[in-house]
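Have a look at the structure below before the remarks.
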Amino acid sequence: MWSFRLKLVLAAVAVWSCWIAPVWAQSAGDESASYRLTFRGTWTRSVTPGGVHRNAHFSPLIGAAHNDQVGFWEPGGRASPQLEGVAELGRQRNLRTLMERSRHVLAVLEKTPRRGGTASTTIEFETTRQFPLVTLVTMIAPSPDWFVGVSGQSLLDDSGGWVDDLEVDLFPYDAGTEEGTEFSLTNPATVPQGTITSIRGMGKFADAPMARLTFERLDPEEPGEPDPNLPEPRFTGDVTAEPVGDSGVIVFWRGSWADAERGLLGVEARSQTAGWAQVTTTAATDGRIRIDGLRPETPYTFRLRADGRQGLEHSEEASATTGGYSGPCRTGDSFLCLRQRFEVQVHWTDPDVAGNRGRGGAIPVPESDESGLFWFFDPENIELVVKVLDGRGIDGNYWVFFGALSDVEYWLTVRDPVGGLNRTYHNPPKRICGQSDTSAFPGGDGLVAGSATLTDVSGGLDLLGMRVESLGLDRSVGRSHGGGRCEPGPERLCVLDDRFAIELRFIDPNITDPGSNPETIAGVIPYLTTGETAFFWFFDPANIELAAKMLDGRALNGRFWLIYGGLSDVEYTLTVTDTVTGTVKTYRNESGSVCGRIDTDAF
């Protein structure tokens with residue numbers, strides 16, 4: 001268990017059943033106390049003797065630590081519109097907003113249990129003597145308007161001291177806002193609105209608790225006690241994220257995002273299986289927050305949200321992949337092991353086809369220890385190129401470069417088992433330019449025998465990423481492309497049944513003599529070339545610098561398409577020849593540019 005305590009409380013997830021987000025709090029003498037709240041569902045056949053619904057679950061928990069000047073629900077009272085949203089549909093946003101805006105609330109508590117009637121989850125929070133009450137609700141789902149929870153539960157005992165342990169059984173309530181006697185969501189409204197009523201032992205329910213809450217007081221820490229498990233943030237901007245343990249991530253921020261005037265920040269996240277959702281709230285001045293209960297070995301992307309002068313503002317994004325495996329570099333269908341040290345894996349999701357997601361298929365490069373490839377949809381269709389370079393001779397670090405001929409959303413995770421670090425890079429959906437990181441991993445122990453250190457890095461910056469599958473391209477196997485006459489050679493690669501010849505020349509930035517021919521022929525990599533994709537090198541045969549892909553888009557627009565991009569910002573000219581029609585097209589990349597191009601009207 002991680003022992004560091006963050007200053008403010010948590011509030012957690014909105015949408016994901018896989019997601020948990022507590023905040024750790026620090027006790028400050030007897031005036032405040034830190035608690036671990038555990039919610040545990042007990043919805044079994046003994047609770048609903050008629051059977052447990054196949055989709056039985058509890059909605060995201062929503063509640064607050066507050067004082068006695070405010071209440072959010074009580075038996076016999078009328079449900080507010082905010083509580084109605086929770087009870088009927090599990091929507092906690094409006095109740096959260098109501099709680100956040102109340103000066104009688106110290107902290108909002110929010111968390112999403114996993115799916116199922118017996119799921120459990122925990123929230124850790126801090127409260128004070130001025131705010132000793134806890135209110136919490138969650139929908140019994142699916143149902144018309146049934147819920148469980150506590151209202152104004154005090155954490156002080158009869159003598160005014162903090163309770164050390166408290167257990168509360170939760171029985172079902174009807175919010176009085178919707179008709180219905182079955183576990184279903186579509187029901188008519190109750191007119192006129194009724195009152196909140198216990199349905200314990202009535203209708204579907206036996207005289208048994210649906211869930212149970214336990215409160216456990218946490219021991220205070222000594223001020224200033226260092227935490228050896230707290231990772232050091234690696235800032236490249238104002239927001240960063242670092243994994244901690246097997247299932248946790250700490251989000252750090254600084255600069256304007258840590259300004260006290262921003263007040264309360266929302267922390268939002270997305271993953272391969274879920275879009276952006278708020279997972280917690282915290283004070284801007286905290287500077288960091290820990291999110292636990294995540295799936296091991298899974299990438300997540302985070303951002304901060306605040307109400308700015310110009311409306312809603314979002315910070316830059318930061319990504320991290322949770323732990324779960326700390327062994328040596330793995331190889332296989334989903335892993336590359338570059339430089340005999342750095343493990344690389346990819347998670348992708350298709351922004352155009354709901355539920356279409358997976359792990360990238362790994363393809364080692366036989367002649368290169370520093371480069372590798374991934375495919376997403378078809379092993380013959382390369383989508384991502386990755387390389388790790390040894391830049392210690394220049395800045396003391398290992399460098400990571402990557403990009404793809406794909407605009408799907410993906411997360412690239414590079415893990416260094418020697419240094420015990422991992423880096424996660426997120427490509428948002430529809431983005432077509434890759435990334436470079438020349439401070440990815442610090443050098444030091446673990447140099448593999450025989451691996452070279454760069455003394456000259458002329459190219460190798462960013463790689464374009466493009467994709468056309470989302471446009472509905474016909475990729476039928478065995479389709480004829482017209483009987484090409486391309487002859488491969490040391491300066492030429494042939495694709496699409498030898499119909500298209502691809503050649504490449506570049507300007508070597510190290511040649512400064514104006515009297516010489518500045519153009520250099522790029523080397524071909526024939527052993528990597530597939531039926532659609534060609535690869536070239538500029539400075540080292542083991543270092544992939546450019547990929548070009550020809551696709552048959554005639555079923556869509558009657559044309560052949562060209563997509564290209566490279567891990568280099570040097571000036572180059574790409575020449576493509578249709579050997580059937582004799583048409584020649586050239587594409588020029590200006591020096592300093594890192595993005596390639598997609599031409600759906602090429603031939």
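The values are calculated or read from the model by the stated rules, or taken from the named source; none is laboratory data. Given the structure is predicted, the values throughout are model-derived calculations rather than measurements. So basically every Cβ, Gly included, is an ideal-geometry build from the backbone, and we count neighbours across all protein chains shown. Please note that ligands, DNA and RNA were not included when accessible areas were found on the heavy atoms of the full protein model with its side chains. Shrake-Rupley method; radii C 1.70, N 1.55, O 1.52, S 1.80 Å.
Restricting to the range 294-303, name every residue that is part of a loop (DSSP other than H, G, I, E, B) and either open to solvent by less than 20 Å² (accessible area, probe 1.4 Å) or of a type in the set (K, R) (or both). Quick ask: steps written out before the conclusion?
The first filter runs over the range 294-303 and keeps only residues part of a loop (DSSP other than H, G, I, E, B), leaving 294-298.
The answer is L294, R295.
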### Message
Can you list residue pairs whose Cβ atoms sit under 9 Å apart, with the first residue in the range 581-601 being surrounded by 11 or more Cβ atoms within 10 Å (Cβ to Cβ) and the second being of a type in the set (S, T, N, Q) and at pLDDT below 85? Count only pairs 6 or more apart in sequence or on different chains.
### Response
N589/S568; V594/S436; V594/S568; C595/N589; G596/N589; R597/N589
### Query
Can you name the residue in the range 412-445 that is open to solvent by less than 50 Å² (accessible area, probe 1.4 Å) and over 29 Å from W348 (Cβ atoms) and is also modelled with the highest pLDDT among such residues?
G443
## Note on the structure
So, first residue assigned to a loop (DSSP other than H, G, I, E, B) in the range 346-372, second residue among the hydrophobic types (A, V, I, L, M, F, W, C) and open to solvent by 50 Å² or more (accessible area, probe 1.4 Å), Cβ within less than 8 Å, six or more apart or across chains; the pairs are G360/W375
#### Entry: Selection from the range 233-287 of residues that are assigned to a helix (DSSP H, G or I) and polar (S, T, N, Q)
S256, T285
### Query
Out of all the residues in the range 247-274, which are within 17 Å of R114 (Cα to Cα) and out of contact with any strand residue (DSSP E or B) (no Cβ under 8 Å at 6 or more places or on another chain)?
S247, A274
### Message
Can you find a residue that is in contact with a helix residue (DSSP H, G or I) (Cβ under 8 Å, 6 or more places away or on another chain), under 27 Å from P429 (Cβ atoms) and of a type in the set (A, V, I, L, M) anywhere in the range 366-387?
### Response
no
### Message
Show the residue pairs meeting these rules: Cβ distance below 8 Å; 6+ apart or different chains; first residue within the range 48-70 and over 17 Å from S120 (Cβ atoms); second residue polar (S, T, N, Q).
### Response
A64/S102; A64/T135; A65/T127; H66/S102; H66/T135; N67/Q130; V70/S102
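Determine which member of the set Q69, Q26 is open to solvent by 60 Å² or more (accessible area, probe 1.4 Å), assigned to a loop (DSSP other than H, G, I, E, B) and modelled with pLDDT under 50. It would help to see each step written out before you state the result.
Details: Q69 fails: modelled with pLDDT under 50.
The unique qualifying residue is Q26.
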### Task
Answer yes or no: is there a residue in the range 518-537 that is at pLDDT 80 or above, open to solvent by 10 Å² or more (accessible area, probe 1.4 Å), acidic (D, E) and over 21 Å from S368 (Cβ atoms).
no
### Query
Which of the following residues is closer than 24 Å to I598 by Cβ, of a type outside the set (D, E, K, R), within 22 Å of the chain's Cα centre (by Cα) and open to solvent by 50 Å² or more (accessible area, probe 1.4 Å): V385, V346, V353?
V353
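Assess whether V408 counts as being closer than 20 Å to Y527 by Cβ and touching a strand residue (DSSP E or B) at 6+ places or on another chain (Cβ under 9 Å). Working first, answer last.
On the way: closer than 20 Å to Y527 by Cβ: no; touching a strand residue (DSSP E or B) at 6+ places or on another chain (Cβ under 9 Å): yes.
Judged against the criteria, V408 is not a match.
Open to solvent by less than 10 Å² (accessible area, probe 1.4 Å) and modelled with pLDDT of 90 or more, is that true of L61? Spell out how you get there, then give the answer.
Values: open to solvent by less than 10 Å² (accessible area, probe 1.4 Å): yes; modelled with pLDDT of 90 or more: yes.
Yes, satisfied.
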### Message
Please verify whether S326 is modelled with pLDDT under 90, polar (S, T, N, Q), farther than 18 Å from G237 by Cβ and open to solvent by 20 Å² or more (accessible area, probe 1.4 Å), treating the condition exactly as stated.
### Response
yes
#### Entry: Which numbered condition Q153 fails, given (1) among the polar types (S, T, N, Q); (2) within 20 Å of Q92 (Cβ to Cβ); (3) open to solvent by 40 Å² or more (accessible area, probe 1.4 Å); (4) modelled with pLDDT under 95
(4)
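Would you say E409 is in contact with a Pro (Cβ under 7 Å, 6 or more places away or on another chain), under 23 Å from E317 (Cα atoms) and either surrounded by fewer than 24 Cβ atoms within 10 Å (Cβ to Cβ) or modelled with pLDDT of 85 or more (or both)?
yes
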### Query
Right, V52: more than 22 Å from L265 (Cβ to Cβ), in a loop (DSSP other than H, G, I, E, B) and either modelled with pLDDT of 90 or more or not aliphatic (A, V, I, L, M) (or both) or not?
no
### Query
Within the range 329-343, restricting attention to residues that are open to solvent by 30 Å² or more (accessible area, probe 1.4 Å) and in contact with a Ser or Thr (Cβ under 8 Å, 6 or more places away or on another chain), which residue is farthest from L412 (Cα to Cα)?
Q340
## Note on the structure
Residues of the range 107-150 being in contact with a Gly (Cβ under 7 Å, 6 or more places away or on another chain), among the hydrophobic types (A, V, I, L, M, F, W, C) and at pLDDT below 90, in sequence order, are A119
#### Entry: Qualifying positions in the range 88-103 - open to solvent by 20 Å² or more (accessible area, probe 1.4 Å) and among the hydrophobic types (A, V, I, L, M, F, W, C)
L89, L98
### Message
Tell me the residue from A284, A260, A320, A306 that is open to solvent by 10 Å² or more (accessible area, probe 1.4 Å) and either more than 25 Å from M99 (Cβ to Cβ) or among the aliphatic types (A, V, I, L, M) (or both), please.
### Response
A260
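Take the conditions more than 18 Å from the chain's Cα centre (by Cα) and either open to solvent by 30 Å² or more (accessible area, probe 1.4 Å) or among the charged types (D, E, K, R) (or both) and apply them to S368. Does it pass? It would help to see each step written out before you state the result.
On the way: more than 18 Å from the chain's Cα centre (by Cα): yes; either open to solvent by 30 Å² or more (accessible area, probe 1.4 Å) or among the charged types (D, E, K, R) (or both): no.
Answer is no for this residue.
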### Message
Exactly one of these conditions fails for S120: (1) over 20 Å from G203 (Cβ atoms); (2) open to solvent by 60 Å² or more (accessible area, probe 1.4 Å); (3) touching a Lys or Arg at 6+ places or on another chain (Cβ under 8 Å). Give me its number.
### Response
(2)
### Summary
Here, strands (runs of 3 or more DSSP E) confined to the range 542-603 with at least 3 residues that are in contact with a Ser or Thr (Cβ under 8 Å, 6 or more places away or on another chain) and modelled with pLDDT under 85 are 544-553
